[in-house]
1. At 222 nm, what value in deg cm²/dmol follows for the chain if DSSP H runs of at least 4 each add -39500 (n - 2.57) and the sum is divided by all its residues, to the nearest 500?
2. For helix 286-303, what angle does its Cα long axis make with the longest principal axis of the chain, in degrees from 0 to 90 and rounded to 10?
3. Taking 0.36 nm per residue of sequence separation and subtracting the Cα-Cα distance, how much length would be gained by fully extending the chain between E204 and A27, in nm to one decimal?
4. To make sure I understand, if each residue's beta carbon is the centre and we count other beta carbons within 10 Å, what order do T244, T48, T252 fall in, fewest to most?
5. Kindly write out, for the stretch 109-125 in residue order, the coupling ³J(HN,Hα) from the Karplus curve 6.51 cos²θ - 1.76 cosθ + 1.60 (θ = phi - 60°), rounded to whole Hz, with x marking Gly and Pro.
6. Tilt of helix 95-108 relative to the longest C-alpha principal axis of the chain, in degrees (0 to 90, nearest 10)?
7. Which semi-axis lengths, in whole Å and largest first, follow from the square roots of five times the eigenvalues of the Cα gyration tensor of the chain?
8. Given contacts defined as C-alpha pairs under 8 Å and at least six residues apart, what's the relative contact order of the chain, whole-number percent?
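Only the coordinates and a few stated rules stand behind these numbers; no lab work does. In this text the structure is predicted, and so the values were computed from the model without any measurement. Heads up, the Cβs are rebuilt from the backbone with ideal geometry, glycines too, and the neighbour counts pull from every protein chain shown.
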Amino acid sequence: MSDMHGSRSLNKASGESAPKRHQVAAAVHRSGFVCLIGRPNAGKSTLTNALVGAKVAITSSKPQTTRHAVRGIITRPDAQLVVIDTPGLSKPRSLLQERLNDLVRDTYAEVDVVAVCLPADQHVGPGDKYLIAELAALARRPKLVAFATKADKVSGERMRRHLLQIDALQAELGIEWEHIVPCSALSGAQMDEVAEVLISLLPEGPVYYPGGELSDEPDEVLAAELIREAALESVRDELPHSITVEIIEMGTRDDPGVKRPVLEIYANLIVERESQKHIMIGKAGERIKQVGTDARRAISALLGAPTRLDLRVKVVKEWQRDPKALNKLGFEAR
């Protein structure tokens with residue numbers, strides 16, 4: 001391992017003979033799907049955005065930020081890598097979390113590679129071991145990679161201990177890591193190595209998405225997530241889990257005062273109680289105005305269109321525990 005502790009590869013190809021001299025290797029195009037999993041706040045969304053090179057998944061310091069399986073697309077001449085950012089797996093305390101856990105399990109059972117994110121500033125704990133043990137029990141086990149995320153937050157010695165903990169999981173849980181890679185999406189450390197490792201594990205395959213496409217998320221979903229991100233940033237510790245967003249109407253229209261078509265969005269910011277509604281609106285409506293301003297800027301930057309946002313706060317009592325409300329808000333049972 002190097003000072004950044006490099007990439008540890010359990011190279012199954014070692015021992016193969018090198019190509020004969022003057023032999024021209026046929027061009028190989030690799031493509032496939034990689035699922036990032038881990039406990040809440042393990043750095044999955046930040047890693048996804050760093051790999052794609054654009055913001056396709058919202059980020060926050062609050063757990064349970066990701067509530068959808070967000071696909072980020074990396075296209076190169078030799079490969080197309082589809083990275084799926086998933087919600088953090090955790091002990092369910094609501095029907096919503098049960099459904100998010102089911103979403104993660106359905107996703108990782110169908111991909112080519114599963115990358116487990118194990119943040120270096122936290123010890124490998126029972127929650128990590130639980131989800132890795134679930135992977136070990138799969139009938140069709142995908143290739144497994146471990147990413148020691150948030151490498152920028154720890155010393156070299158702390159990282160070495162963390163990597164040894166990750167390595168020990170193989171014997172303890174009956175799994176085999178293809179690679180163990182320390183990385184930091186914030187500093188960019190080892191991000192090229194992360195991409196190369198993932199692509200090397202993909203099968204030969206076609207191009208699934210047109211070049212230039214960074215995500216297959218509908219614009220409505222991206223807009224709703226950016227609104228929720230702005231709200232999470234605003235309320236911080238007050239009510240992060242209670243917030244979701246419902247897009248009522250979204251479309252473009254011509255405006256004589258603007259050269260390009262304007263994207264108009266009507267949305268509800270959903271909370272669970274009247275007291276939360278008052279918090280979200282803020283004194284004289286200042287908080288919800290700021291959320292709307294921040295969200296509008298982010299949506300305009302991502303979708304490339306001037307945006308007008310009509311944002312209201314709506315109470316849906318105990319929506320995280322109400323099956324009908326969850327279905328209506330897009331969190332259907334799987």
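1. Mean residue ellipticity, 222 nm, calculated: -10500 deg cm²/dmol.
2. Between helix and principal axis, roughly 50 degrees.
3. Between E204 and A27, full extension yields 62.7 nm more.
4. Least to most surrounded, the residues fall as T252, T244, T48.
5. My calculation for the stretch 109-125 gives 6, 10, 9, 7, 9, 10, 10, 8, 8, 10, x, 5, 8, 10, 6, 5, x Hz in order.
6. Its long axis makes an angle of about 30 degrees.
7. Largest first, the chain gives 38, 24, 18 Å.
8. 18
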